[in-house]
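The values are calculated or read from the model by the stated rules, or taken from the named source; none is laboratory data. Remember, predicted model here, so these are calculated numbers, not experimental data. Using ideal geometry, Cβ is built from the backbone for each residue, glycine included, and neighbour counts are taken over all protein chains shown. Side chains included, ligands, DNA and RNA excluded: accessible areas come from the protein's heavy atoms. Shrake-Rupley method; radii C 1.70, N 1.55, O 1.52, S 1.80 Å.
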Amino acid sequence: MVPDFLTIAEAGVLIAKRELSPVELVRSRLTRIERLDGRLNSFIRVLGEEALAAARSAEAEIIAGRSRGPLHGIPIGLKDIYETKGVPTTGHSKVMIDHVPREDATSVRRLTEAGAIVLGKLATHEFAFGGPSFDLPWPPARNPWDTTRFTGGSSSGTGAAVAAGLVLGGTGSDTGGSIRGPAAYCGLAGLKPSYGRISRAGVLPLAFSLDHAGPMAWTAEDCAIMLQAMAGHDPLDPASAVRSVLDYRASLSGEVKGLRIGLIRHFYETDNPANQVTRQGIANAVKVFEDLGCSVRELRLSPLADWAACGIMIMLSESYAIHEATLRERFGDYGEAFRDRMALAALVTGADYIQATRLRRELVAELATAMSHLDLVITAAAPSEAPTFDAVSKFAIFERPLLTMPFNVTGSPAMSVCCGYTEGGLPLAFQLVGKPFDEATVLNAAHAYERATSWRSIRPALSPT
């Protein structure tokens, strides 16, 4: 019998040993989706027959000695802004409900070439921005730890599906925290790589200069496996970096002794105050790193409000440029949350945008200088555990400065890492940030922390009712 919960790494070992069949694994996930997703709404489209056909093909290749690597035969899900050839890609919106791409997104093609099996398309906030919304063609995803709770956004379906064990990994996108937020609230490892590390060709855009594509999975090791397949230069993405791709999994030595870490405490103690259980979780995580041989010192940057205002202004301007024409023609076809946020974007001037880009250059330089004698920084990923749906307003991103936004502004690799649970069993998280294109150090530090703690052994208890 296939376990309810498996990591990519665990399943890969079993498949390689012929102790687990990709067909059995896919069937077990499809059964789990049928049993549980009626409560979670993480999928908007399940590709059951297609996935089983791909699993049979993977099994035949592996038996014939033609393994493609650790992703071969592994079932994953795709946030429904990743284009899929012949399969609708909607952005979770009525506006694109009939959109059927002719080609896969570059990152999707790379994942399937590595042997990953796509189980379906996952819920998102509308066009990765407006949500959670109850007036769209599909309901919002719900948190597997407590279905009255928010998953975070916008990679909401991926957060829910991975946490619930419906898929072993999934894709997300991150413009202001849309990988790291759901990873924090759903207890995952979620990596926003450096800007340009993963191609965004074929990924529906929100803000050209802030958008990142990345993996979401249960562990840092699983994120490393997915990143390995997804990363690399792509001429179809003008922002794609011409940088070498390391062997990220091989970099997971777990040895972090001597790493220099800066703790950005003021972000979550004064600028966007976190609750006490979150602060304690981060303090405990810092102690773990110190016990592992890292040196941690406090780091002070510009106020979080400056970083958030800069990122929000750029996001609003660039997203409005993308959607303006359609908003004029089909305003009522968007959900309320998206169209009301975009109505605010219409008031942003060209001068506002230019001033934000000027500030951005200053902030990028500030972080680079601050990290010149550091390897990583730590701060909060979210100010609390997942809130209930009724506690999330449609203007929530404007009400308190996002703890995740600074590292979209800089394009730095940043990762959400689970650091414990509340008394009620809801996940807590911190954020690890590295220097540009140093995903290896971020992943290795997260991997070392996961190995030194017990949090990855805890999974949500789920039932169909």
Calculated log10 I(q)/I(0) by the Debye sum over Cα atoms at q = 0.07 Å⁻¹ (choose from [x] -0.31; [y] -0.62; [z] -0.37), label
[x]
What trypsin sites (Lys or Arg not before Pro) does the stretch 1-96 have in DSSP loop regions with at most 12 other beta carbons within 10 Å?
17, 18, 66
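Given a 1.4 Å probe and every protein chain left where it sits, what share in percent of the accessible area of the chain is carbon and sulfur?
Values: 8980 of 17090 Å².
Whole-percent figure for carbon plus sulfur exposure: 53.
With a 1.4 Å probe and every protein chain left in place, work out the accessible area per residue of the chain in Å², rounded to a whole number. Show your work: numbers first, answer last.
Numbers: 17090 Å² over 465 residues.
With all protein chains present, the chain gives 37 Å² per residue.
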Check which residues have an amide H placed less than 5 Å from residue 232's amide H, if you skip close sequence neighbours.
199
List the DSSP H helices in the chain whose Cα atoms stretch 27 Å or more along the helix axis and whose mean Kyte-Doolittle hydropathy is at least -0.5.
304-330, 350-370
With a ≥ b ≥ c from the Cα gyration tensor eigenvalues, square-rooted, and the rule rounded for a/c under 1.5, otherwise prolate when a/b > b/c and oblate otherwise, the stretch 306-465 is oblate
If the only charges are +1 at each Lys and Arg Cβ and -1 at each Asp and Glu Cβ, what is the size of the charge dipole of the stretch 64-191 around the Cα centre, to the nearest 20 debye?
340
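Highest first, please rank the peptides 443-450, 123-130 by the mean number of other Cβ atoms sitting within 10 Å of their residues. Could the numbers behind the result be given before it?
Details: 443-450: 24.5, 123-130: 29.6.
Ranked from most to least packed, the peptides come out as 123-130, 443-450.
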Between residue 169 and residues 5 or more places away or on another chain, which pairs have amide H atoms under 5 Å apart, with H built 1.01 Å from N, and which residues are they?
77
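Applying a 10 Å radius around every beta-carbon, put 351-360, 199-208, 223-232 in order of their mean neighbour count, most first. All intermediate terms of the calculation are to be shown ahead of the outcome.
On the way: 351-360: 14.7, 199-208: 22.1, 223-232: 25.9.
Ranked from most to least packed, the peptides come out as 223-232, 199-208, 351-360.
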Dipole of the chain, Cα-centred, from +1 at each Lys and Arg C-beta and -1 at each Asp and Glu C-beta, to the nearest 20 debye?
420
If you plug each phi of the stretch 183-189 into the Karplus form 6.51 cos²θ - 1.76 cosθ + 1.60 with θ = phi - 60°, what whole-Hz ³J(HN,Hα) values come out, in order, with x for Gly and Pro?
4, 5, 6, 9, x, 9, 9
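Of all DSSP beta bridges located in the chain, what percent are antiparallel, nearest 5? Each step should come with its number before you reach the end.
Working: 31 of 45 bridges.
So the antiparallel bridges in the chain amount to around 70 percent.
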Alpha-carbon centroids, the stretch 78-138 and the stretch 235-284: separation in whole Å:
27
So, with +1 on the Cβ of K and R and -1 on the Cβ of D and E, and no other charges, what is the size of the charge dipole of the stretch 8-49 about its Cα centre, to the nearest 20 debye?
60
